[in-house]
Amino acid sequence: MRAQFGKLLRNTALLLTGSAALGTVLLVLVFCLPIGRMKQHVAVSVDVMLREADQNPGHGLSNYIQTKRESYTDAIMVQNAIEKIPEKNVFEQAMWMYHNDLEEEFWTPEASLRAYCSGESTDNMFIHEYSRYWHGYLVYLKPLLMLFSWEQIAVMGVAVQIILMAVVMGLAVKKKQSGVAAAMVVGFLFMKPLLVLVSLTMTVCWIIILAALIFMLVKNDWLREKNLYPEFFLTVGILTSYFDFLTYPAATLGFPLCAFFLMNDVGREEEGHSSSSHGMKDASVWSALKDKIQKVMGYSVFWGIGYAGMWAMKWVIADLTLHTGTIKDALWSIIGRTEAIGGRPRLNGGFYVIGLNLQEYDHIVYPVAAVLVAAVSLTLVVMAFRKRGTKEILAELVPYLAIFCIPFVWIIAVQHHSALHARFTFRIIAIAVLAVGSMGCHAWKELRK
């Protein structure tokens, strides 16, 4: 046990330090790329990608997508990709992440990007920095912008996501894990999928989720035999921290966790070898339950270590090399993002912000679909109770109940950020629907045995 713990500790340290070093090198390399063609490619599609409803009134799906997409953050990402401050070297640019804005006290990314692409002099702008994030999306966005317009990249992003979802479904059927595919679809439908598909910002976490599910479906047996799931969740957390812009990161934990328990009969081995006596059977059920709870908590902790640890590595690297003050800035940002909203008591404020996020489901189809998912899952669970017994099935469902709580714990913990950016943070609530749907999938799997 001690040797295993030592190995895990070593792997954690190596993954974090190695990822931080590699991430820094990749950012510096992409900042060596010339920005001329990038700027040209953005300029030809900037008006289309930032079009607003009052500038192009209309109806239907295209107008809905255009007015609801996250153009504010998309504009920040793109401007970070095509800007280069002449007096700064590539390492300074990669660490500080400078960009010019029309305003000094607050940011106007859409207007600033338009002005920058139109050739307006940056002498009339103000330099801002965004050093507390990794901005790892630039590793792929800058090379892509050398070859394609912003609009073309958005189209390619839609195609990539559709292909990845098709791969997940195909692998799930092939591996006889159809519940994983079904749960993925249920969860995705509660993320306003059309807006995820067309947004540079919202796409990041979803692609990480799909890549994680594909890897699990292909390598599940290997991960279990080698006991590498802790490192797997650590890696998912690292990738989320590096590439995501603090959108709905907890989803990259919730989706793989549900998939893990759908794919693996955790604790079933002990239950299968138990005695038929009532006392031994109860002991086996509780042993299996303990194993499941340990895995939910353990894998969540490792994801958190990867996510927070990788983020902290950026602050340390930036401060040690350039004395950016990023650590101080980041810590104050954490305090601000996690403080209770509006002077309310934390729990009260948390419930208030949960309500704000739920309000983003502004169409009747969402509550109807949620009730339908819950009703189907509950029916299947009741049928499974009758087949195997209440204690056994309840033990099977406890992990999903724990996963169900993840989005609400996250919102309460970082309620200020979740209130300020509810228009995209609401997507983590999809984890709760996913967990309920996974209960139904698990119960259905039990009924078919």
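Restricting the first member to region 198-222 and to residues that are under 16 Å from Gly237 (Cβ atoms), and the second to residues that are outside any helix (DSSP H, G or I) and charged (D, E, K, R), the beta-carbon pairs closer than 9 Å and six or more apart or on different chains are Val204/Asp244; Cys205/Asp244; Ile208/Asp244. Selection within region 287-296: residues that are free of Cβ contacts under 8 Å to residues at least 40 places away in the same chain and out of contact with any helix residue (DSSP H, G or I) (no Cβ under 7 Å at 6 or more places or on another chain). The member of this set that is most open to solvent (accessible area, probe 1.4 Å) is Lys290. Considering each residue of region 165-206, count those that are among the polar types (S, T, N, Q) and not in a helix (DSSP H, G or I), and give that number. Summing the residues that are among the polar types (S, T, N, Q) and not in a helix (DSSP H, G or I) in region 165-206 gives 2. Those residues that are surrounded by fewer than 18 Cβ atoms within 10 Å (Cβ to Cβ), closer than 18 Å to Thr201 by Cβ and touching a residue at least 40 places away in the same chain (Cβ under 8 Å), I need them from region 156-186; list them, please. If the condition is that a residue be surrounded by fewer than 18 Cβ atoms within 10 Å (Cβ to Cβ), closer than 18 Å to Thr201 by Cβ and touching a residue at least 40 places away in the same chain (Cβ under 8 Å), then Val158, Val160, Leu164 are the ones that fit. Filtering region 187-226 to residues that are over 16 Å from Gln161 (Cα atoms) and either aliphatic (A, V, I, L, M) or open to solvent by 40 Å² or more (accessible area, probe 1.4 Å) (or both) leaves Met216, Leu217, Val218, Lys219, Asp221, Trp222, Leu223, Arg224, Glu225, Lys226. Listed by position, the helices (runs of 4 or more DSSP H) enclosed by region 361-439 that each have at least 1 residues that are over 16 Å from the mean Cα position of the chain (by Cα) and either at pLDDT 95 or above or closer than 23 Å to Met202 by Cα (or both) are 365-388, 390-413, 415-420. Looking at region 341-359, can you tell me whether even one residue there is in a helix (DSSP H, G or I), out of contact with any Pro (no Cβ under 6 Å at 6 or more places or on another chain), charged (D, E, K, R) and open to solvent by 40 Å² or more (accessible area, probe 1.4 Å)? Yes - at least one qualifying residue is present in region 341-359. Any residue that is part of a helix (DSSP H, G or I) and modelled with pLDDT under 70 - is there at least one of those in region 314-327? Looking for residues that are part of a helix (DSSP H, G or I) and modelled with pLDDT under 70, one finds at least one in region 314-327, hence yes. Taking the residues in region 145-155 that are surrounded by fewer than 19 Cβ atoms within 10 Å (Cβ to Cβ) and touching a residue at least 12 places away in the same chain (Cβ under 8 Å) as candidates, determine which candidate is nearest to Met97 (Cα to Cα). Of everything passing the filter in region 145-155, Met146 is nearest to Met97 (Cα to Cα). Between Gly272, Gly267, the distinction of being open to solvent by less than 10 Å² (accessible area, probe 1.4 Å), over 26 Å from the mean Cα position of the chain (by Cα) and either at pLDDT below 65 or hydrophobic (A, V, I, L, M, F, W, C) (or both) belongs to Gly267 only.
One residue stands out in region 227-256 among those that are farther than 21 Å from Gly18 by Cα and among the aliphatic types (A, V, I, L, M): the one that is surrounded by the fewest Cβ atoms within 10 Å (Cβ to Cβ), namely Leu246. Looking only at region 344-393, residues that are under 25 Å from Thr425 (Cβ atoms) and either in contact with a strand residue (DSSP E or B) (Cβ under 9 Å, 6 or more places away or on another chain) or not small (Gly, Ala, Ser) (or both) come to 25 in all. Remark: pairs (first residue in region 304-328, of a type in the set (Phe, Trp, Tyr); second residue in a helix (DSSP H, G or I) and open to solvent by less than 40 Å² (accessible area, probe 1.4 Å); Cβ separation under 6 Å; 6+ apart in sequence or on different chains) = Tyr307/Gly237; Tyr307/Thr240; Tyr307/Ser241; Trp311/Ser241; Trp315/Thr326; Trp315/Ala330.
Taken over region 103-120, residues that are more than 27 Å from the chain's Cα centre (by Cα), surrounded by fewer than 18 Cβ atoms within 10 Å (Cβ to Cβ) and free of Cβ contacts under 8 Å to residues at least 60 places away in the same chain amount to 6.
In region 213-270, what count of residues is obtained for those that are touching a Leu at 6+ places or on another chain (Cβ under 8 Å) and among the acidic types (Asp, Glu)? Residues flagged as touching a Leu at 6+ places or on another chain (Cβ under 8 Å) and among the acidic types (Asp, Glu) within region 213-270 amount to 1. Taken as a whole, the condition of being assigned to a loop (DSSP other than H, G, I, E, B), open to solvent by less than 70 Å² (accessible area, probe 1.4 Å), modelled with pLDDT under 95 and not aromatic (Phe, Trp, Tyr) applies to Lys88. Determine the pairs where a residue that is assigned to a loop (DSSP other than H, G, I, E, B), located within region 38-49, has a partner that is surrounded by fewer than 23 Cβ atoms within 10 Å (Cβ to Cβ) with Cβ atoms under 6 Å apart, the partner being 6 or more residues away or on another chain. Hits for this filter: Val44/Ser149; Ser45/Ser149; Ser45/Glu151.
The values are calculated or read from the model by the stated rules, or taken from the named source; none is laboratory data. Note that the coordinates shown come from a computational prediction; the quantities given were computed from them, not determined experimentally. Glycine also receives a Cβ, built like all others from the backbone with ideal geometry; neighbour counts cover every protein chain displayed. Each accessible area value is taken on the protein alone, full model and side chains, heavy atoms only, with ligands, DNA and RNA left out. Shrake-Rupley method; radii C 1.70, N 1.55, O 1.52, S 1.80 Å.
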